[in-house]
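Take a look at the structure set out below.
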Amino acid sequence: MGGDMGSCGLKRVYSRQKRLSGHWHFLIAVMVVQFAYQTARESPLPSWVKPTWAVLMLVSFSWLALYPRRARTVVGVDGITVRWIIRERRRAWRDIYDIRVEANAYAGRHQPSAFACLYDTDGRRLRLPFLDEMNVEALRTEVADVRAAAARHRGTAWERRPEVEERIRRRAAHRQAWGSAALCAVVVLVGMVVVMAVLFFTADDLPSPLLMFLWIPLASFVLLAALFNWRVQALSA
């Protein structure tokens, strides 16, 4: 984290502080090997599959390699800027409703257990890169300091508004609906892998790999996402 560099101690830059772990380098190495193998081997799949796979692997590899080095959160007198690999997003203080520390539901050995999020006045949530427990000591104290230093630039007090809290709640419910649908689709994909393995040893003809590994999981994701989001809408009505 960059220290206070401006008046009022508000200019702060949060970037990756810890070196990339061996786990991260292992992931990148596996992706490189997999990319080389899939590109070189003969395949009975349609001709468009290999270039599509190559593009997906290159995008994933680029993200894994560049995100830890380029992403950052910049806090200044004008507001907060979130930078990713290519693009960035700015929020002026007058448009920021709150900055909160939230628990990471997917925390693991190489993931922070809590991170900071920005909420705007429309209830939209924006995670702040590297403003988390892995890269900032005493995260809650740091966020409280930022809120206190920013108070004079906002023009309004940090206060809860029922209408914004309701928007935040609804958006959180929809995020969970999409996340649940994605998780279920992964479970379906794993199930298709098991079914395909069984059929490989027991059946004479195998179903299309595209059907089993792409279309069925994708269809399950679309259907479940629609169902879960409809349920959220119904409960909110």
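The values are calculated or read from the model by the stated rules, or taken from the named source; none is laboratory data. Computed from a predicted structure; not experimentally measured. All Cβ positions, glycine included, derive from the backbone under ideal geometry; neighbour counts span all protein chains shown.
The residues of segment 121-150 that are β-branched (Val, Ile, Thr), part of a helix (DSSP H, G or I) and over 17 Å from residue 93 (Cβ atoms) amount to a single one, 141. Checking each residue in segment 50-89 for being farther than 17 Å from residue 130 by Cβ and in contact (Cβ under 8 Å) with a residue 12 or more places away in the chain picks out 50, 53, 54, 57, 58, 60, 61, 62, 77, 78, 79. Reported count of residues in segment 174-192, each being of a type outside the set (S, T, N, Q), within 16 Å of the chain's Cα centre (by Cα) and surrounded by fewer than 18 Cβ atoms within 10 Å (Cβ to Cβ), is 6. Regarding segment 63-82, can at least one residue be identified that is at pLDDT 80 or above and of a type in the set (S, T, N, Q)? Yes, segment 63-82 contains at least one residue that is at pLDDT 80 or above and of a type in the set (S, T, N, Q). Here residue 188 meets each of (1) closer than 30 Å to residue 13 by Cα; (2) touching a residue at least 24 places away in the same chain (Cβ under 8 Å); (3) touching a Ser or Thr at 6+ places or on another chain (Cβ under 6 Å) with one exception, condition (1). A count restricted to segment 194-209 and to residues that are in contact with a helix residue (DSSP H, G or I) (Cβ under 8 Å, 6 or more places away or on another chain) and either modelled with pLDDT of 90 or more or surrounded by 13 or more Cβ atoms within 10 Å (Cβ to Cβ) (or both) stands at 4.
The residue list 112, 51 contains one member that is surrounded by fewer than 17 Cβ atoms within 10 Å (Cβ to Cβ), over 19 Å from residue 12 (Cα atoms) and out of contact with any helix residue (DSSP H, G or I) (no Cβ under 8 Å at 6 or more places or on another chain), which is 51.
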